[in-house]
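Please read the structure below before turning to the comments.
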Amino acid sequence: MTRPLRATGGARPQILRLPEFRDLRGCLSAVEGLRDVPFAIERVYWITSVPPSARRGRHAHRDVLEVIAAAAGSFTVDCDDGDSPSEFSLHAPSDALLVPAPVWREVRDFSPGAVCLVLASGPYREEEYIRDREEFSQLVDAG
């Protein structure tokens, strides 16, 4: 039997302010797990060269939390926790989106040269993903 899913601790997606250090030489951003993000970082990946009309994501995670940031350029993240959809525009490396599990996410409207940086609380495991929107809806509705 598949267990009903609810966002981790009832949490909803939210913007985090990440540390940023600016001087005449430019800007340095750094992130530490369990300090700047609420989990130990077990996986880091980035998405580049996305065509303007393409959408990425289109899934939810059963247990993994993610922080999504625009390391360069900008893009929009649509989130749905089963109760209320939300939209986040990311365009600065110091603004990151905390996406708890299970929240459906789609990333769209990538600017030219955008780099979508993702920090995850767990390693890649295919069985951790919910890739069917209908299955996601049924799982969160059952909770």
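Working only with C-alpha atoms, what are the Rg and Dmax values of the chain, expressed in angstrom?
According to the Cα coordinates of the chain, Rg and Dmax are 15.2, 58 Å.
Based on DSSP H runs of at least 4 residues, each adding -39500 (n - 2.57), what is the mean residue ellipticity at 222 nm of the chain after dividing by all its residues, to the nearest 500 deg cm²/dmol?
-2000 deg cm²/dmol
GLU42's amide H: which non-local residues (gap 5+, or another chain) put their own amide H closer than 5 Å, with H modeled 1.01 Å from N in plane and none for Pro or chain starts?
When sequence neighbours closer than 5 places are left aside, the close amide H contacts are ALA120, SER121, GLY122.
Mind giving me the FRET efficiency for SER86 and GLU128? R0 is 22 Å, r the Cβ-Cβ distance, nearest 0.05 is fine.
Working: r = 22 Å, r/R0 = 1.01.
For R0 = 22 Å, the calculated efficiency reads 0.50.
When the Karplus curve 6.51 cos²θ - 1.76 cosθ + 1.60 is applied with θ = phi - 60°, which whole-Hz ³J(HN,Hα) does each residue of segment 59-66 get, with x for Gly and Pro?
Listing the rounded values in order: 7, 10, 10, 6, 9, 6, 9, 9 Hz.
Taking the Cα centre of segment 8-141 as the origin, how large is its charge dipole in debye, to the nearest 20, when only Lys and Arg (+1) and Asp and Glu (-1) carry charge on their Cβ atoms?
Rounded to the nearest 20 debye, it is 500 debye.
For segment 38-43, just list the computed ³J(HN,Hα) in residue order, Karplus coefficients 6.51, -1.76 and 1.60, θ = phi - 60°, integers in Hz, with x standing in for Gly and Pro.
x, 7, 6, 7, 10, 8
Would you grab the residues whose amide H sits under 5 Å from the one on VAL99? Only those 5+ places off in sequence or on another chain, please, with H modelled 1.01 Å from N.
GLU66, VAL67, ILE68
Report the relative contact order of segment 8-141, percent, no decimals, based on alpha-carbon pairs under 8 angstrom and at least 6 residues apart. If you can, show how the numbers build up before the last one.
Working: 307 pairs, mean separation 45.9, N = 134.
Relative CO of segment 8-141 lands at 34 percent.
How do 115-121, 55-61 rank on mean C-beta neighbours within 10 Å, highest first?
By packing density, highest mean first, the sequence is 115-121, 55-61.
Would you please give the residues with an amide H less than 5 Å from that of ARG58, counting only those at least 5 places away or on a separate chain, with H modeled from the backbone geometry?
The answer is ARG105, GLU106, VAL107.
Can you tell me the FRET efficiency between ALA142 and THR76 if r is taken as the Cβ-Cβ distance and R0 is 30 Å, rounded to the nearest 0.05?
Plugging the Cβ-Cβ distance into 1/(1 + (r/R0)^6) gives 0.55.
Of HIS59, SER111, LEU97, which is farthest on the positive side of the dipole of the chain, counting Cα position, with +1 on Lys and Arg Cβ, -1 on Asp and Glu Cβ, and the Cα centre as origin?
SER111
Only the coordinates and a few stated rules stand behind these numbers; no lab work does. From a predicted model like this one, the values you see are computed outputs, not experimental measurements. Glycine gets a Cβ as well: all are built from the backbone with ideal geometry, and neighbour counts include every protein chain shown.
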